[in-house]
1. As a test of reading the structure, rank Asp55, Asp30 by solvent-accessible area (1.4 Å probe, protein chains only), most first.
2. Quick one: length gained pulling Tyr52 to Lys106 fully straight, 0.36 nm per residue minus the C-alpha distance?
3. Please work out how much length the chain gains when fully extended from Ser32 to Ala162, using 0.36 nm per residue of separation minus the C-alpha to C-alpha distance, in nm with one decimal.
4. Find out how many positive minus negative residues lie around Ala38, taking Lys and Arg as positive, Asp and Glu as negative, among other residues whose Cβ is under 13 Å from that of Ala38.
5. Along its three principal axes, how long is the range 48-179 when you only count alpha carbons? Whole Å, largest extent first please.
6. In debye to the nearest 20, how big a dipole does the range 47-179 give about its Cα centre with +1 on each Lys and Arg Cβ and -1 on each Asp and Glu Cβ?
7. Under a point-charge model restricted to the Cβ atoms of Lys and Arg (+1) and Asp and Glu (-1), what is the dipole moment magnitude of the range 113-179 relative to its Cα centre, in debye to the nearest 20?
8. Heavy atoms only, probe 1.4 angstrom, no DNA, RNA or ligands counted: give me Ile29, Ile39 ranked by accessible area, highest first.
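The values are calculated or read from the model by the stated rules, or taken from the named source; none is laboratory data. Just so it is clear, the structure is predicted and the values come from calculations on it, not from any experiment. So basically every Cβ, Gly included, is an ideal-geometry build from the backbone, and we count neighbours across all protein chains shown. When the accessible area is computed, the model is the full protein with side chains, heavy atoms only, and any ligands, DNA or RNA have been set aside. Shrake-Rupley method; radii C 1.70, N 1.55, O 1.52, S 1.80 Å.
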Amino acid sequence: MKSLIIALGTLIVLGGCANQTPVATSCNIDVSNKLVSAIHEVEERLASGCAYHFDAYFQQLMKVAEENAAPENKQLFSEHLVRVSDAGLINKRQAKALYNRYFNVKFVSFTGDYNTCSQACPVHSEVVSNMRHELKDKERGLMHASLDQGSYYRADHLLKEAQLVLEATCRACANGDQN
């Protein structure tokens, strides 16, 4: 009787496993040194249960892109992010933010509809620090991975302008509070 119960339990467990999505035996991979191949390898791993490695995979892809810099790398990353978003591995907002962080002149670290005086000025130095870190990511994506120096320099200029505007706005807010 005891062996019958064990046998039935084993069959139930094995039957339940038969319908599961295949899971990669190891999520650690050394990606190809060609970006198209590396993206394909990463997408296969992500689909096989390694979604929690997305950030590490993205950084590996960035390294491959930097080693094989080309203007079309921007498009390859855009298409990759759309596919992983469509697969439900990240949401559309995350895909857009990640693309913009590395490959667009717009800053994602300082966006939104909020009152600058009450929300940005109290954390002014943190906002500027986040934008500087993002500029380093833009340097990787724009300058080193996609050879788009013009866009990188526009982003650098936008950061400097944003700093000036934010400082002036915060000074004006402080003066308004004192009156």
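1. Heavy-atom accessible area, descending, gives Asp30, Asp55.
2. Roughly 16.7 nm would be gained on extension.
3. Contour length minus Cα-Cα distance gives 42.9 nm.
4. In short, -3.
5. Per principal axis, max minus min of the Cα coordinates gives 61, 32, 18 Å.
6. 120 debye
7. The calculated dipole for the range 113-179 is roughly 160 debye.
8. Per-residue accessible area, sorted high to low, gives Ile29, Ile39.
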